[in-house]
1. What FRET efficiency, computed as 1/(1 + (r/R0)^6) with R0 = 22 Å and r the Cβ-Cβ distance, is obtained for residue 186 and residue 128, rounded to the nearest 0.05?
2. Label points 7 Å out from Cα along the Cβ direction at residue 31 and residue 173: separation in nm?
3. How much accessible area per residue does the stretch 56-104 have, counting only protein heavy atoms and a probe of 1.4 Å, in square angstrom?
4. Suppose R0 equals 30 Å. What FRET efficiency, 1/(1 + (r/R0)^6) with r the Cβ-Cβ distance, do residue 9 and residue 49 give to the nearest 0.05?
5. Considering only protein heavy atoms and a 1.4 Å probe, what is the carbon-and-sulfur percentage of the accessible area of the stretch 1-72?
6. Magnitude of the Cβ-charge dipole of the stretch 1-105, K/R +1 and D/E -1, about the Cα centre, nearest 20 debye?
7. Largest first, what is the accessible-area ranking of 108, 76, 135 with a 1.4 Å probe?
8. On full extension of the chain, what length is gained from residue 93 through residue 56, given 0.36 nm per residue of separation minus the C-alpha to C-alpha distance?
Amino acid sequence: IQEHLGKCEGPVEVLDVGSYNVNGSYKELFDERFVYQGLDMVAGPNVDIVPERPYSWREIESDSFDVVISGQAFEHIEFFWVIVAEMARVLRKGGILCIIVPRLQKLHRFPVDCYRFDTDGMVALARYCNLTLLHASTDLAPQDRFSPDWFRERVGDSMLVARKPEDWSGMLNLDDYVYQQEDIEALATGFIPEVDPKKKKSLRTRIINKLI
């Protein structure tokens, strides 16, 4: 929060996609400056918005939120590319998008478990939405005292932070798209390589706080 939103004055409107509280919530990471709303496909704990149509959020106008996040949800979304397009649509110009998804994880259907993601997949999501890449990484730890506790053994996450440009005009025109290699190391600035597997522990609740 400090890096990209630390100087923001409230209210900062946040949408959490896939917010149903199963093993914890990101809501507690946002202080009084933020107005947090959770969205999921079914009603339940930590869910404020249940769209009538899961892949077309007619209840939410475009450019409605300053920050749109999603953590550990995309693997359970059958058509995740449609959801990321909706996330980009409802994000205000200049706003921050943050997505955290598993790269390595055992099967955990809720109610389905469809995908795993790597760094290039994070880059592809930002490109598909015509967003400006700020950070993309896999199995990296922040350069601070929490580094030894960043992971659980045999489990790794891929992470994306991107900004919606002020001149955003819509999704990528695939007819004109030409692939360009990204400097993955440059996108992971401020992070260090994977820590010793023997020191890996769960630190899920701190992920969003360290990235945005």
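The values are calculated or read from the model by the stated rules, or taken from the named source; none is laboratory data. All of these numbers come straight from a predicted model, not from anything done at the bench. Reconstructed Cβ throughout: ideal geometry from the backbone, glycine too, with neighbour counts over all protein chains shown. What goes into the accessible areas is simple: the full protein's heavy atoms, side chains included, and nothing from ligands, DNA or RNA. Shrake-Rupley method; radii C 1.70, N 1.55, O 1.52, S 1.80 Å.
1. Values: r = 20 Å, r/R0 = 0.92.
Efficiency, from the Cβ-Cβ distance: 0.60.
2. So the two model labels end up 4.4 nm from each other.
3. Per-residue accessible area for the stretch 56-104 comes out at 33 Å².
4. Values: r = 25 Å, r/R0 = 0.82.
E(calc), rounded to 0.05, equals 0.75.
5. The nonpolar share, carbon plus sulfur, comes to 45 percent.
6. 260 debye
7. From most accessible down to least: 108, 76, 135.
8. Working: separation 37, 0.36 × 37 = 13.32 nm, distance 1.98 nm.
So the extension gain works out to 11.3 nm.
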